[in-house]
Amino acid sequence: MPASWTGCCLAEQARGARGAGQHDPRAAAAQLLFQLTGGKSLSMLFETGMGNVARGDIGLVKELCFGVARWQLRLEQVTRLLVRKPLKKKDGDILALIHIGLYQLLHMRIPAHAALAETVNATRGLGKPWASGLVNGVLRRFLRERERLLVEADRSDQARLAHPAWLVEGLRNAWPDRWQDVLEANNLHPPMSLRVNLKKTTRADYLAMLGEASIGASPIPHTDAGIVLDQPMPADALPNFREGQVSIQDGGAQLAAGLLDLQPGHRVLDACAAPGGKTGQLLETAPGPVELTAVDIDERRLKRVRENLDRLGFRAGIRAGDASRPIGDWAETLYDRILLDVPCSATGVIRRHPDIKLLRRADDIPALAATQARILDAIWPLLKPGGLLLYATCSLLPEENQRQVSRFLSKGRGARLRPIDAAWGHPTDPGRQTLPGESTMDGFYYACLEKPGQ
Ligand SMILES: C[S@@+](CC[C@H](N)C(=O)[O-])C[C@H]1O[C@@H](n2cnc3c(N)ncnc32)[C@H](O)[C@@H]1O
């Protein structure tokens, strides 16, 4: 059953239970999408913007927001053909509601008459009943002229591919033989992937437990602990989730720990750690006790690291700090292993965060690359001679990946590339890259840098 249909059914069940003051889910989604124009991500908006949404409607609101964000550049183009006089800026919520209507008609299995009626009704939830005629007229005309409108809208590459032109060009240049597969994968619903806590159970035992609970799942190739579910489900409903037997993590992200080659007694720095997905994985896979310090610049996000480690049953030093200016006790020691999972464009995880296509701009990339270079330069001295640093991004763009690492290698800082000999992903020289959709994974880049011993 597709996630969209699940969300829809949840919403239908909840409808009777929606209380006074609780928002219509389509109106709530329109308001959230309108706020997206202010630059905050959907994940951030969901944290604060769901207060008035009935519990049973949350799935539908998220599905509408993610779905519209995923297809927004195409929905905008269709809307341009349907709405002759552009709406005022302050009525961006009505524009978002039109996109929500079109998204339901194109991508969700809600009967057209129900989608139309509910979307028109939502104008009242937005306090703009004057717009009901407009929304009704636009959606009805779309239903009548759908094929012609789509052909016309799809003349624009940006609309047909639902990616901004700068990103299409960047991906085409970076991946001349694969960019179309990447764009296609980016526009699909992501699978829900898990990582089994190997300190508490085995993948085979956890798969058996899922089987007993009639939850369809299979192992993720190239990983020791990865499982992909046939259908997404709430994390809390997973067997022994609260007991820390399993975490939500993409298979591509799970490749990090194996590359770091941890040994008992190692002192380990996770320098951009929040929300702690890889921190937990490092501790789960270490072959013996290690002393791990998790650092992040964002104190709020460090709370998530603490929560994750508590649930998994691990302890680590957790410090707020700027990896581009290492100061404080964590910066006064040398480490055997460093994971540098730097802030990046996140162009490898667009299928999970489709709003990235709307929030990122072409000129963010050089700025991000400059930050990454500063972090790499500043953290390198904290690596022990004989130690290993893993540079990682969830970007698909060479500026943040192989060019960044090549530049560092050529700086004469004593770094040596350790080749990654693997069956997953693609060699990028230097480093290795997974692409979205391949072996269930998101797009991750990895490069291993050694500091020769004295
Ligand atoms: C890609 S995320 C890390 C994901 C994390 N490793 C995981 O697997 O869950 C990048 C992180 O870098 C942090 N960050 C950004 N600039 C930083 C800096 N100058 N110093 C330390 N952390 C930074 C961000 O707050 C963000 O949490």
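The values are calculated or read from the model by the stated rules, or taken from the named source; none is laboratory data. This one's a predicted model, so the numbers in the text were calculated from it and none came from an experiment. Ideal geometry is used to build each Cβ from the backbone, glycine not excepted, and the neighbour counts take in all protein chains shown.
Computed quantities for the displayed model
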| quantity | calculated |
| --- | --- |
| Any pair with Cβ under 7 angstrom, 6 or more apart, that starts in the stretch 231-247 at a residue that is closer than 14 Å to Leu207 by Cα and ends at one that is assigned to a loop (DSSP other than H, G, I, E, B) and charged (D, E, K, R) | Gln245/Lys200 |
| Qualifying positions in the stretch 54-75 - within 26 Å of Val349 (Cβ to Cβ) and surrounded by fewer than 19 Cβ atoms within 10 Å (Cβ to Cβ) | Ile58 |
| Tabulated pairs, the stretch 310-332, first touching a residue at least 40 places away in the same chain (Cβ under 8 Å) and not assigned by TED's automatic domain parsing to the domain that holds Val295, second among the aliphatic types (A, V, I, L, M) and away from the ligand (no atom under 13 Å from the Cβ), C-beta under 7 angstrom, 6+ apart or interchain | none |
| All positions within the stretch 261-302 that are of a type in the set (Val, Ile, Thr) and touching a helix residue (DSSP H, G or I) at 6+ places or on another chain (Cβ under 9 Å) | Val268, Thr279, Thr285, Val290, Thr293, Val295 |
| Hey, Val196 of a type in the set (Val, Ile, Thr) and out of contact with any strand residue (DSSP E or B) (no Cβ under 6 Å at 6 or more places or on another chain) or not | no |
| Cross-chain or 6+ apart pairs with Cβ under 7 Å, the stretch 378-398 first and within 13 Å of the ligand (Cβ to nearest atom), then assigned to a helix (DSSP H, G or I) | Leu382/Ala331; Leu390/Ala256; Leu390/Leu259; Leu390/Leu260; Tyr391/Leu376; Tyr391/Val405; Ala392/Ala256; Thr393/Glu400 |
| Filtered residue count, the stretch 363-400, keeping only those that are out of contact with any strand residue (DSSP E or B) (no Cβ under 7 Å at 6 or more places or on another chain) and polar (S, T, N, Q) | 2 |
| In the stretch 173-184, the residues that are of a type outside the set (Phe, Trp, Tyr) and assigned to a helix (DSSP H, G or I) | Asn173, Ala174, Gln180, Asp181, Val182, Leu183, Glu184 |
| Pairs with Cβ under 6 Å, 6+ apart, first in the stretch 288-300 and within 12 Å of Ile338 (Cα to Cα), second of a type in the set (Asp, Glu) | Ala294/Asp270 |
| Cross-chain or 6+ apart pairs with Cβ under 8 Å, the stretch 30-41 first and on the phi > 0 side of the Ramachandran plot and in the same structural domain as Leu102 (by TED's automatic domain parsing), then in a helix (DSSP H, G or I) and not charged (D, E, K, R) | Gly39/Leu359 |
| Which numbered condition Asp329 misses (of (1) more than 22 Å from Gly387 (Cβ to Cβ); (2) among the acidic types (Asp, Glu); (3) away from the ligand (no atom under 11 Å from the Cβ)) | (1) |
| Residues (surrounded by fewer than 22 Cβ atoms within 10 Å (Cβ to Cβ), within 8 Å of the ligand (Cβ to nearest atom) and not in a helix (DSSP H, G or I)) located in the stretch 273-320 | Pro275, Ile297, Asp298 |
| Filter pass, Arg337 being within 10 Å of the ligand (Cβ to nearest atom) and basic (Lys, Arg) | no |
| Qualifying residues in the stretch 245-272 (those that are over 24 Å from Gly437 (Cβ atoms) and within 16 Å of the ligand (Cβ to nearest atom)) - the one surrounded by the most Cβ atoms within 10 Å (Cβ to Cβ) | Asp270 |
| Unmet requirement for Gly170, which otherwise passes all of (1) part of a helix (DSSP H, G or I); (2) of a type in the set (Gly, Ala, Ser); (3) farther than 27 Å from Pro427 by Cβ | (3) |
| Selection within the stretch 185-219 - under 14 Å from Thr440 (Cβ atoms) and over 18 Å from the mean Cα position of the chain (by Cα) | Gly216, Ala217, Ser218, Pro219 |
| The one condition in (1) surrounded by fewer than 18 Cβ atoms within 10 Å (Cβ to Cβ); (2) among the β-branched types (Val, Ile, Thr); (3) closer than 23 Å to Ser410 by Cα that Ile375 fails to fulfil | (1) |
